[in-house]
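Taking it in order: structure first as structure tokens, then the write-up.
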Ligand code: PMP
């Protein structure tokens, strides 16, 4: 019996005892291809010798120093590196221990910026349905995943939710990409005007939607329009790239492909590749200056922020991603993965959409391809697929659909950036077999 409470109470999980490259190994000696990088975390795979060496060296030098007293070399170097490669305008770095902490910090930065700049009436946050921003209360309030929010609703700060740019589900029949992108962005302006522009603080969005809807990239121009709307009304744009960022989509930041720079950007997962818990907020010089020239401090902080071990992991991972030219591999392998998925699954009557960017891909399943009706959520098709995949030595990240049809069950793939064409082929074969097997278990 385990004394641990993980996500699923009373679940029996295999015990991970080792890792090698793109595989994890359990205590029975079974190997699993980590085709989801855990939850889009393990961008370099497991036990990368160069990251381990950097961590050993840092541990020998200095494990911890509280940021109330000291900064540290790896934290400074990581911040330099992140700013050097950041979207234009993002000039400062706030290091935390994960994605939810990064989102919480970004929300509080936006709020304090408004206070420091004499706009204390700006407190409203607009975010999107079918999104995920973390499980702490502020991040959960921002997220638009109704299932995750339900039990905690009375504790959540009021947040306004608009529809995401989710072409497969929300584009009208016959509507062009351009017309739909414009309509999806217009929803933001409409909501700002409804609330009163002088009361809106920030708009928060995942550049590419991850866990809730499954690798949904924005259409061309959607984010440019969003950026222009935010600027028109003095609203800060927060892009959450915790899952889709740090190379996952083939560019270091997903928003590079949209030609947009946010005011605040959250990153985590691929930043440290799972070797240590680490996340960060990249913030504009303007926001930093408001704190520096105003009260002189950002009224926030965590005991483990800027942890030297975490920063050393981030620095090592980021060095390797650049040194080994892995972004180009993400783009090339992402195309092979997309093609492979379409070839293996594209004709299946239960596969509605196959999409994504780089090595961030998803398959959305539907009960009826013509109407796009999702499966009955109580069938838990996504969990059946995960089960069948694990039985075939494959880790994928599944998520359920909704009864109201706003999204179907989907399977998210986010393999390490080091995959080869052969690895991609094995992932596609095993996933195809797992989906077939899971569908065969459904009541007819
Ligand atoms: N934002 C996004 C977009 C995420 O995908 C996640 C994690 N899935 C988070 C925030 C929260 O990150 P963490 O689990 O590290 O707190």
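A short reminder: the numbers here are calculations on the coordinates, not readings from a lab. Only a predicted model underlies this, so the values are computations on that prediction, with no experimental measurement involved. No Cβ is skipped: glycine too gets one built from the backbone with ideal geometry, and neighbour counts run over all protein chains shown.
Annotations
- Pairwise Cα distances in region 226-290 exceed 20 Å in 32 percent of cases.
- Cα gyration tensor, region 19-147 - rounded (a/c under 1.5), prolate or oblate: oblate
- By average C-beta atoms within 10 angstrom, highest first, the peptides 156-165, 382-391: 382-391, 156-165
- Packing rank of 77-83, 189-195, where each peptide gets the mean count of other beta carbons within 10 Å, highest leading: 77-83, 189-195
- Listed peptides 169-177, 277-285 appear in the order 277-285, 169-177 once ranked by packing, highest mean of other Cβ atoms within 10 Å at the front.
- Rounded if a/c under 1.5, otherwise prolate or oblate - region 291-367, Cα gyration tensor axes: prolate
- Based on alpha carbons, the Rg and Dmax found for region 324-431 are 14.0, 45 Å.
- Measure of compaction for region 65-125 (Cα Rg per 2.2 N^0.38 Å): 1.34
- Translational diffusion coefficient of region 1-76 (Stokes-Einstein, Kirkwood radius from Cα pairs, 4 °C, 1.567 mPa s): 84 µm²/s.
- Net length gained if the chain between residue 293 and residue 331 were fully extended (0.36 nm per residue, minus Cα distance): 9.5 nm
- Region 52-323 - percent relative contact order, Cα under 8 Å, separation 6 or more: 30
- For 423, 293, order by how many other beta-carbon atoms lie within 10 Å, fewest first: 293, 423
- Between residue 387 and residue 347, the FRET efficiency estimated from the beta carbon spacing at R0 = 25 angstrom works out to 0.55.
- Bridge type composition, the chain - antiparallel percent by DSSP, nearest 5: 65
- For the chain, the mean residue ellipticity at 222 nm estimated from helices alone is -11500 deg cm²/dmol, where every DSSP H run of n ≥ 4 contributes -39500 (n - 2.57) and the total is divided by all residues, rounded to the nearest 500.
- Placing dummy labels 7 Å off each Cα toward the beta-carbon, the span from residue 323 to residue 429 is 3.3 nm.
- Cα centroid separation, region 258-303 to region 102-170 (Å): 17
- Extension gain for the segment residue 156 to residue 286, taken as residue separation times 0.36 nm less the Cα-Cα distance, is 43.9 nm to one decimal.
- Stretch gain in nm, segment residue 70-residue 12, where the contour uses 0.36 nm per residue and the Cα spacing is subtracted: 16.6 nm
- Centre-to-centre separation between the Cα atoms of region 173-217 and those of region 370-411: 25 Å.
- Placing one equal scatterer on every Cα of the chain and applying the Debye formula, the log10 ratio I(q)/I(0) at q = 0.07, 0.13 Å⁻¹ is -0.33, -1.21.
- Convex hull per residue volume in Å³, alpha carbons only, for region 39-98: 125
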